[in-house]
1. Identify, please: which residue in the stretch 52-92 is β-branched (Val, Ile, Thr) and over 24 Å from the mean Cα position of the chain (by Cα) and is, among those, farthest from GLY161 (Cα to Cα)?
2. Under 7 Å between Cβ atoms, which residue pairs at least 6 apart in sequence (or on different chains) link something in the stretch 95-112 that is farther than 16 Å from TYR149 by Cα and modelled with pLDDT under 75 with a partner that is loosely packed, with under 12 Cβ neighbours inside 10 Å and not aliphatic (A, V, I, L, M)?
3. Does any residue of the stretch 39-53 turn out to be surrounded by 12 or more Cβ atoms within 10 Å (Cβ to Cβ), acidic (Asp, Glu) and under 23 Å from SER179 (Cβ atoms)?
4. Could you list all residues from the stretch 48-80 that are touching a residue at least 60 places away in the same chain (Cβ under 8 Å) and of a type in the set (Asp, Glu)?
5. Within the stretch 138-171, restricting attention to residues that are more than 15 Å from PHE32 (Cα to Cα), touching a Ser or Thr at 6+ places or on another chain (Cβ under 8 Å) and of a type outside the set (Phe, Trp, Tyr), which residue is surrounded by the fewest Cβ atoms within 10 Å (Cβ to Cβ)?
6. Being in contact with a strand residue (DSSP E or B) (Cβ under 7 Å, 6 or more places away or on another chain) and farther than 20 Å from GLN38 by Cα is the filter here, so list the residues in the stretch 58-79 that pass it.
7. What are the residues in the stretch 27-57 that are assigned to a strand (DSSP E or B) and among the hydrophobic types (A, V, I, L, M, F, W, C), if any?
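The values are calculated or read from the model by the stated rules, or taken from the named source; none is laboratory data. Just so you know, these numbers come straight off a predicted model, no measurement behind them. Ideal geometry is used to build each Cβ from the backbone, glycine not excepted, and the neighbour counts take in all protein chains shown.
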Amino acid sequence: MKRRFPLIFLAAVALVLGGCAAPTLRSEVTAFHEWPAQLADKSFVFERGGAQDNDLEYRNYENLVRIELLRLGFSDATAAGKAALKVAMRYRVNDRDVRVIQPVVVSPGWGMPYYGPRWPYHYYDPFFYDPFWSGPPVVSYQESNYRLYRRELQIGITRAGDGKKLYDVTVTSEGQTPSLAAVMPYMVRSAFAEFPGKSGVPHQVEFEFTEKPAKGKAPQE
């Protein structure tokens, strides 16, 4: 006869196994565009404000955007001084405190007196492991408090000649990681994951959240 383990034990094992899954970063992406079907010249330069020229953080994120544009067949015209396209970027992060109260089921059989039958049953008998001998489960409530960060990235591509905007994408994500630098590589990659994509149709992009990549490098899948 097979031995039956307590339900609380099986639930704990499932929780542990589920916790081993790799964390992911999910972003909400919405792009509006009038991207030409044929664009012969895809050379670009970054359009910066005065403070951004000397902002090391901004330039690091700029490099991440550059990597994605080069991957898509664009060409960096910074050295040449003349480009067909201008790329602008903005980002911000806000935070708020979150309070969550959720029910927790506690088995009364653990850490409480045992009133089930013992004799003539032995430890290997299936009745010995019956969780219902200890009474019905008890529902308790657990409170958790944490800080949630909402990050937003916006990237626009315009024609240098007449200033017409061709592509405008907004990426938002929420999580408990306070470092914007840690999540920015994934958000930049999400911005161009389906370039140019369907205009005005929000979609989600999800990447496995691994260790922070090296400075100026795209994250590895």
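1. Step one: filter the stretch 52-92 for residues β-branched (Val, Ile, Thr), giving 65, 67, 78, 87.
Adding the requirement that they be over 24 Å from the mean Cα position of the chain (by Cα) leaves 78, 87.
Values: THR78: 16, VAL87: 13 Å.
Here the answer is THR78.
2. VAL106/SER140
3. Looking through the stretch 39-53, none of the residues is surrounded by 12 or more Cβ atoms within 10 Å (Cβ to Cβ), acidic (Asp, Glu) and under 23 Å from SER179 (Cβ atoms).
4. Scanning the stretch 48-80 gives GLU57, GLU68.
5. Only one residue fits best here, namely VAL138.
6. TYR61, GLU62, VAL65, ARG66, THR78
7. VAL29, ALA31, PHE32, PHE44, VAL45, PHE46, listed by residue number.
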